[in-house]
1. With springs only between Cα atoms under 10 Å apart, run a GNM on the chain and tell me which of 61, 114, 50 wobbles the most.
2. Can you run phi through the Karplus equation (6.51, -1.76, 1.60; θ = phi - 60°) for the stretch 141-151 and list ³J(HN,Hα) in whole Hz, with x for Gly and Pro?
3. Give the lysines reachable from residue 95 as a straight Cα distance under 25 Å; neighbours fewer than 8 places away on the same chain don't count.
4. Can you tell which of 93, 25, 60 lies farthest toward the positive end of the dipole of the chain, using +1 and -1 charges on the Cβ of basic and acidic side chains (Lys, Arg; Asp, Glu)?
5. How large is ³J(HN,Hα) for each residue in the stretch 158-164, as worked out from phi by the Karplus curve 6.51 cos²θ - 1.76 cosθ + 1.60 (θ = phi - 60°), to whole Hz, x for Gly and Pro?
6. Check cross-link reach from residue 121 to the lysines: straight Cα distance under 28 Å, and skip same-chain residues fewer than eight apart.
7. Using the Karplus equation 6.51 cos²θ - 1.76 cosθ + 1.60 (θ = phi - 60°), what ³J(HN,Hα) coupling, rounded to whole Hz, does each residue of the stretch 103-116 give in order, writing x for Gly and Pro?
8. Would you please give the residues with an amide H less than 5 Å from that of residue 94, counting only those at least 5 places away or on a separate chain, with H modeled from the backbone geometry?
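Just so you know, all these numbers are worked out from the coordinates, no wet-lab data involved. As the structure is a prediction and not an experimental result, all values here were calculated from the model. So basically every Cβ, Gly included, is an ideal-geometry build from the backbone, and we count neighbours across all protein chains shown.
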Amino acid sequence: MKRNTILLNGFIGVAVVAAGLAGYVSLGPKSTGSTTVSTSTVKRGIVLSSVTATGNVTAQSQFDLNFDSSASSSVVTQILVKPGDKVAKGQALAKVDDHSAQLALASAQATLASAQAQLDKLRNGLTAQELAQDQATLQQSALAIDNAQAGVENAAATAAQNAVTTAAAVDQAQQAYANAVATADR
């Protein structure tokens, strides 16, 4: 079966090639042997010609305009060019409302001034008053640590005393129980 299919496909291929060759020979280019050539003498003058066509006109080049995120959300307040104007690289095309950008700039400048003041303070060191205040805070912290340590020691001693007292009370209660049981059994 497979061999028959291969043979059939081979014969069909040969037939298609033969039909194509016969069509080319009968319908192909006909050579008449003569070619008509026309020549004329060159003259100076005005050449009048016009071309009429329909279609779409497209720009030779096109550019996408990108604005930073703060400008893209702002309102355009003025357009500086008209359609068809030639523009140069770096030329402003429009103006946007920059009120929020001005506020952000002022805030950034204030933050910069504050950071600069802190840097200057660190570079210059502590003043005598700040040094005295830090010493006093250190002494208060040391005193608080000493007081806390004393409190821990007192609590530990109290807990130990309470444990001894509690153990003695338990022993007394057990002795009283034993005595009560012995009295009841008699």
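1. 50
2. After applying 6.51 cos²θ - 1.76 cosθ + 1.60, I find 5, 4, 5, 5, 5, 4, 5, 5, 5, 5, x Hz.
3. 82, 86
4. Value: 25.
5. 5, 5, 5, 4, 5, 5, 5
6. Residue 121 reaches no qualifying lysines.
7. 5, 5, 5, 4, 5, 5, 5, 5, 4, 4, 4, 5, 5, 5
8. 80
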